[in-house]
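Participant: Submitted below is the structure of interest, expressed as structure tokens.
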């Protein structure tokens with residue numbers, strides 16, 4: 001299952017300490033110029049989506065909508081995650097691409 005590859009990549013990124021999760025921490029990473037990729041849960045509120053879309057667009061950082069970010073990293077209530085390492089960002093992009101190809 002391709003979703004497992006995405007979940008494994010997100011969990012590995014968190015365990016390696018190469019991400020910031022939660023709205024406040026992710027916004028701080030974006031504003032500090034540390035974020036290489038932002039992941040937003042598909043079920044996030046429209047206000048949250050709009051806020052992070054604007055933050056990412058203003059800094060030319062890619063934003064991806066993915067399922068269950070919080071569950072994948074072991075933080076159920078978190079709906080946003082900023083990846084701070086380019087290698088992990090590329091690995092996660094590949095995982096999302098493979099999920100899209102297989103899942104629809």
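We did not get these values from a lab; they are worked out from the coordinates using the rules stated. The model shown is predicted, which means the values in this text are computed figures rather than measured ones. Glycine gets a Cβ as well: all are built from the backbone with ideal geometry, and neighbour counts include every protein chain shown.
Participant: Just from its helices, what would the mean residue ellipticity at 222 nm be for the chain, if runs of 4 or more DSSP H residues each count -39500 (n - 2.57) and the sum is divided by every residue, rounded to the nearest 500 deg cm²/dmol?
Facilitator: Estimated from H runs of four or more residues: -18000 deg cm²/dmol.
Participant: Let me ask something else. Is the shape of the chain rounded, prolate or oblate, going by the alpha carbon gyration tensor and its root eigenvalues a ≥ b ≥ c, with a/c under 1.5 for rounded and a/b larger than b/c for prolate?
Facilitator: Rounded, because the longest to shortest axis ratio a/c is under 1.5.
Participant: Enter the angle in degrees (range 0 to 90, nearest 10) between the Cα long axis of helix 2-15 and the first principal axis of the Cα atoms of the chain, meaning the one along which they spread out most.
Facilitator: So the helix axis and the longest Cα principal axis differ by about 50 degrees.
Participant: Springs between alpha-carbon pairs under 10 angstrom, Gaussian network model over the chain: which of 23, 68, 76 fluctuates most?
Facilitator: 76
Participant: Helix 46-59 against the longest principal axis of the chain: what's the angle in degrees, Cα atoms only, rounded to the nearest 10?
Facilitator: Approximately 80 degrees, to the nearest ten.
Participant: Taking 8 Å as the Cα distance limit and 6 or more residues as the minimum spacing, I'd like the relative contact order of the chain as a percentage.
Facilitator: Normalised by residue count, the contact order of the chain is 42 percent.
Participant: Okay, next question. Mark the label point 7 Å from the Cα of residue 43 along Cα→Cβ and return the residues of the range 69-101 whose backbone N is within less than 17 Å of it.
Facilitator: Hits in the range 69-101 for residue 43 at 17 Å: 69-81.
Participant: Right, next: Once the Cα atoms of helix 86-103 and of the chain are each reduced to a long axis, what angle between those two axes, in degrees from 0 to 90 to the nearest 10, is obtained?
Facilitator: It works out to around 50 degrees.
Participant: Whole angstrom only: what separates the Cα centroid of the range 1-32 from the Cα centroid of the range 79-99?
Facilitator: Value for the Cα centre distance between the two parts: 8 Å.
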